[in-house]
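**Student:** Encoded as structure tokens, here's the structure I'll be asking about.
The values are calculated or read from the model by the stated rules, or taken from the named source; none is laboratory data. These numbers come from a predicted model, not from an experiment. All Cβ positions, glycine included, derive from the backbone under ideal geometry; neighbour counts span all protein chains shown. Accessible surface areas use protein heavy atoms only, side chains included; no ligands, DNA or RNA. Shrake-Rupley method; radii C 1.70, N 1.55, O 1.52, S 1.80 Å.
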Amino acid sequence: MAHIEYAKELNQEQLDVVLHGDGHCLVLAGAGSGKTRTITYRVAYLIEQGIDPACILLLTFTNKASKEMLHRVSGLMSSDASRIWGGTFHSIGNRILRQYANIVGYTSSFSILDSEDAHALLKSIMKELHIDVKARRFPSTNVVHSMISFAVNTLTPLSSVIEEKHPHFIEFTGQLEEISRLYIEKKRLSNAMDFDDLLVNFLNVLQHLAIGERIAHQFSHVLVDEYQDTNALQALIVQAVGRMHKNVLVVGDDAQSIYAFRGADVRNILRFPNRFSDTRMFKLLVNYRSVPEILELANESLSHNTSQFEKELRAVKARGSKPMIIACASSAQEAQYIAEQILTMRTQNIALAHMAVLFRSSAHSQTLEFELLKRDIPYEYRGGKKFFERAHIKDVVSYVRVCVNVSDESAWLRVLNIQPGIGSGTAEKIIAGIRGSVDVQSVVDIDVVRLPKRALGGWKDFCKSVHTVIAQMPNAGYMIRAVLANGYSEYLEREYPDYKDRIEDVEQLANFAETAIDVISFLSDIALYDESISGKNKQASHETERIILSTIHQAKGLEWDTVFIMHLADQSFPSIRAMNELDGLEEERRLFYVAVTRARRKLFLTYPQMGGYDGFTFNSPSIFLEEVPSRLFERINIQEDGMRKKKDMQDEEREHWSWDADGPAIEVDTYGDFKKTPSVWKKSTSIKQMPKSFLSEY
């Protein structure tokens, strides 16, 4: 086995971890600091020092990360690393339980339930308890399972989860607790575990006096990747499995803890030194990814958090350009600006695959998706389906379609199938009864078909909702909001754990619909979008280069040459919901930090100054832009003709603005001051008329 020259392969920070990582160690690995490299070399060093690979436990959060690390170790050692116990918490739990399942009341041949299996079992339990989900407005099996899972992983009573995260279901607390009890009982009787049970029972085995000590004694060295993403249950597993030899090395970055909504608890990493008083702390702060200007912004932003370990990333790359803040007049202009920059950089031989547009919420992507399609810029969407392909968007559009075209059977099928008590058979009967009707008003005003009692309530609720929607014609935006306000928001709460995000999507759809001339134009735009997407999907296999659109949560761990962070407006990012949660602002700031540190060379930060239902609601810039010194940015302010000259502007204020007929004017603010009160525009040091091409050349 060839000897590895660690001092030549690693920087001093990494080398210290590799050579001196015994005992309880906390490695704070900043973004782009070579975390994976450090862990890999640490494992190789242990083996080189004579540690049996079977005594090394490497816990990760993805199978991909585990396989990559083990593959690298094999490459370094010129030997097989298969004897190392490497894998996710769940996969290691499964391996342990195959040996010791009897300790927790199972046999070694237990089945593992996937999410579909789990939902089916919960559905049968609810049927056994005579709970009619649709008729009683009871949460769906999907929501029930998410509640139970969150309670298990965070070691929180189910009643507290309901009270804090699903208060609209408090009246069902007793029944939900009974469902949870029966769910546990039936899984045991079926010799089956779901994914959460793999962790719960793994911990139970580790806490067994004799067997737990045997397992803990086997693993002389425990290494944990992405420790900031652990939940309460996983933190206890780490503590239990490392209790004998006390060689526990956890690697992570509290600054990148962004998954609280999944149950991750940043306090696990922040309190690690308190949990283990002999903890040695290492910091990996040399960043190999980004230019200094980007790291200066990231460091300064993060300094506003109070619950954190102090650290400051240092760049090794040569200096580049400052991040750009672009204040756009509207969401449409924000999308146009981003698209123009993408096309310009493409002509400068920057591949589309090396660019990404990141956003806080999937709802923020809709305007940009339309703009990219219009300009024939291929893109790949990360973090879910493209905007108009999402189920809830299709639902709401179907409501509008039946109001406009009473003969639209596919739209009728979609809206009827989500009504309480109406199944596919009843929906077909209703549709048969309305054929030949003149308009939807005549349908909801009369009894078109005799319905069973179970379906009648759902039909009456639907008719009541449609009456309200029709009253808003032909304004498509108002029609969409009427759908949301008359039962559909409650449907989303009942059906989806992420219902708040879906409601935000629908509100964004309403904003988009406001830009259409009328409801017919709106539906035509949607149809043309669907046709374009269909054509793009057919060509997808031949498309080798696409720009990435992604939520920030999905972008963690990735990097690009150029990154756009869009919709950085107050109450959008940080999310207004997060601002109402304990420590929510600090997690949002960490999310901003993650987004910024995805960029290697260029960073664009954009936000619309105007928005809202009427298009004349002023947006303040995000607090994350305001709290950072202006010297760290370059700023431009783009104004559309309609926004540039407001009716209530005083004559003396107007003279400081200019525009041309061929393109938007650019206001260059050399002091970098934000216009915090856009209704009274602040005077700038220089204002220039510039053609559209300036946007691409800036």
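**Student:** Within the range 513-520, can one find any residue that is on the phi < 0 side of the Ramachandran plot, open to solvent by 50 Å² or more (accessible area, probe 1.4 Å), at pLDDT 85 or above and not in a loop (DSSP other than H, G, I, E, B)?
**Tutor:** Among the residues of the range 513-520, at least one is on the phi < 0 side of the Ramachandran plot, open to solvent by 50 Å² or more (accessible area, probe 1.4 Å), at pLDDT 85 or above and not in a loop (DSSP other than H, G, I, E, B), which makes the answer yes.
Here's the yes/no breakdown for (1) open to solvent by 10 Å² or more (accessible area, probe 1.4 Å); (2) touching a residue at least 40 places away in the same chain (Cβ under 8 Å); (3) closer than 23 Å to residue 62 by Cα; (4) among the charged types (D, E, K, R):
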{"position": "196", "(1), (2), (3), (4)": "yes, yes, yes, yes"}
{"position": "200", "(1), (2), (3), (4)": "yes, yes, yes, no"}
{"position": "216", "(1), (2), (3), (4)": "no, no, yes, no"}
{"position": "237", "(1), (2), (3), (4)": "no, yes, yes, no"}
{"position": "244", "(1), (2), (3), (4)": "yes, no, no, no"}
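**Student:** Go through (1) under 23 Å from the mean Cα position of the chain (by Cα); (2) part of a loop (DSSP other than H, G, I, E, B) and name the single condition residue 246 misses.
**Tutor:** Failing condition for residue 246: (1).
**Student:** Give me the residue from the range 349-398 that is buried (at least 18 other Cβ atoms within 10 Å of the Cβ) and of a type in the set (Asp, Glu) and, out of that set, nearest to residue 475 (Cα to Cα).
**Tutor:** 395
A quick yes/no check of all residues on (1) open to solvent by 50 Å² or more (accessible area, probe 1.4 Å); (2) among the charged types (D, E, K, R); (3) under 27 Å from the mean Cα position of the chain (by Cα):
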{"position": "455", "(1), (2), (3)": "no, no, no"}
{"position": "461", "(1), (2), (3)": "yes, yes, no"}
{"position": "475", "(1), (2), (3)": "no, no, no"}
{"position": "497", "(1), (2), (3)": "yes, no, yes"}
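**Student:** While we're on this one: What are the residue pairs meeting all of these: first residue in the range 416-445, first residue in a helix (DSSP H, G or I), second residue of a type in the set (D, E, K, R), Cβ atoms under 6 Å, and 6 or more apart or on different chains?
**Tutor:** Between residues of the range 416-445 that are in a helix (DSSP H, G or I) and residues that are of a type in the set (D, E, K, R), the close pairs are 431/409.
**Student:** Let me ask something else about it. Considering every residue within the range 95-117, establish whether at least one is aromatic (Phe, Trp, Tyr), open to solvent by less than 20 Å² (accessible area, probe 1.4 Å) and part of a helix (DSSP H, G or I).
**Tutor:** Within the range 95-117, none of the residues are aromatic (Phe, Trp, Tyr), open to solvent by less than 20 Å² (accessible area, probe 1.4 Å) and part of a helix (DSSP H, G or I).
**Student:** Continuing with this model, one more query. Of all residues being modelled with pLDDT of 95 or more and among the β-branched types (Val, Ile, Thr) in the range 597-622, which is nearest to residue 565 (Cα to Cα)? Just the residue, please.
**Tutor:** Per the stated criteria, the residue is 606.
**Student:** To continue, here is another question. Which of the residues belonging to the range 250-259 are surrounded by 24 or more Cβ atoms within 10 Å (Cβ to Cβ) and more than 19 Å from the chain's Cα centre (by Cα)?
**Tutor:** 250, 251, listed by residue number.
**Student:** For the range 33-42, name all the residues that are surrounded by 22 or more Cβ atoms within 10 Å (Cβ to Cβ) and touching a strand residue (DSSP E or B) at 6+ places or on another chain (Cβ under 8 Å).
**Tutor:** 33, 35, 38, 39, 42
**Student:** Here's a follow-up. Restricting attention to the range 46-89, report how many residues are part of a helix (DSSP H, G or I) and either buried (at least 17 other Cβ atoms within 10 Å of the Cβ) or among the basic types (Lys, Arg) (or both).
**Tutor:** Residues that pass the stated criteria total 15.
**Student:** Out of the range 7-22, which residues are within 22 Å of residue 220 (Cβ to Cβ), over 35 Å from the mean Cα position of the chain (by Cα) and in a helix (DSSP H, G or I)?
**Tutor:** Hits for the range 7-22 are 19, 20.
**Student:** Sticking with this structure for a sec: When you look at residue 595, is it open to solvent by less than 20 Å² (accessible area, probe 1.4 Å), farther than 23 Å from residue 30 by Cβ and not aromatic (Phe, Trp, Tyr), yes or no? Walk me through how you get there before you give the answer.
**Tutor:** Numbers: open to solvent by less than 20 Å² (accessible area, probe 1.4 Å): yes; farther than 23 Å from residue 30 by Cβ: no; not aromatic (Phe, Trp, Tyr): yes.
Taking the combined requirement at face value, the residue does not satisfy it.
**Student:** Inspect all residues belonging to the range 298-314 and state whether any of them is more than 30 Å from residue 515 (Cα to Cα) and touching a Pro at 6+ places or on another chain (Cβ under 6 Å).
**Tutor:** no
**Student:** Which condition number in (1) at pLDDT 95 or above; (2) touching a Lys or Arg at 6+ places or on another chain (Cβ under 6 Å); (3) not aliphatic (A, V, I, L, M) is the one that residue 304 fails?
**Tutor:** All conditions pass for residue 304, except number (2).
**Student:** Here is a further query. Out of 262, 280, 275, report the one residue that is in contact (Cβ under 8 Å) with a residue 12 or more places away in the chain, of a type in the set (Lys, Arg), over 25 Å from residue 16 (Cβ atoms) and open to solvent by 10 Å² or more (accessible area, probe 1.4 Å).
**Tutor:** Working: 280 fails: over 25 Å from residue 16 (Cβ atoms); 275 fails: over 25 Å from residue 16 (Cβ atoms).
Only one candidate qualifies: 262.
**Student:** I would also like to ask the following. Checking the conditions here, which among 48, 13 is among the acidic types (Asp, Glu) and under 27 Å from residue 294 (Cβ atoms)? Walk me through it before giving the result.
**Tutor:** Numbers: 48 fails: under 27 Å from residue 294 (Cβ atoms).
So the residue among 48, 13 that is among the acidic types (Asp, Glu) and under 27 Å from residue 294 (Cβ atoms) is 13.
**Student:** For the range 291-311, name all the residues that are open to solvent by less than 30 Å² (accessible area, probe 1.4 Å), under 23 Å from the mean Cα position of the chain (by Cα) and not hydrophobic (A, V, I, L, M, F, W, C).
**Tutor:** Across the range 291-311, the qualifying residues are 299, 301, 305.
**Student:** Also: For the list (1) of a type in the set (Asp, Glu); (2) open to solvent by 50 Å² or more (accessible area, probe 1.4 Å); (3) modelled with pLDDT of 85 or more, I need the number of the one condition that residue 530 fails.
**Tutor:** Going through (1) of a type in the set (Asp, Glu); (2) open to solvent by 50 Å² or more (accessible area, probe 1.4 Å); (3) modelled with pLDDT of 85 or more one by one, residue 530 breaks only (3).
**Student:** Please go through the range 557-577 and pick out each residue that is open to solvent by less than 30 Å² (accessible area, probe 1.4 Å), of a type in the set (S, T, N, Q) and assigned to a loop (DSSP other than H, G, I, E, B).
**Tutor:** 572, 575
**Student:** Restricting to the range 313-348, what's the tally of residues that are closer than 30 Å to residue 252 by Cα and loosely packed, with under 15 Cβ neighbours inside 10 Å?
**Tutor:** Qualifying residue count for the region: 5.
**Student:** Can you confirm whether residue 321 is touching a Leu at 6+ places or on another chain (Cβ under 8 Å), assigned to a loop (DSSP other than H, G, I, E, B) and more than 24 Å from residue 15 (Cβ to Cβ)? Lay out the reasoning, then the answer.
**Tutor:** On the way: touching a Leu at 6+ places or on another chain (Cβ under 8 Å): no; assigned to a loop (DSSP other than H, G, I, E, B): yes; more than 24 Å from residue 15 (Cβ to Cβ): yes.
No; evaluated as a whole, the condition is false for this residue.
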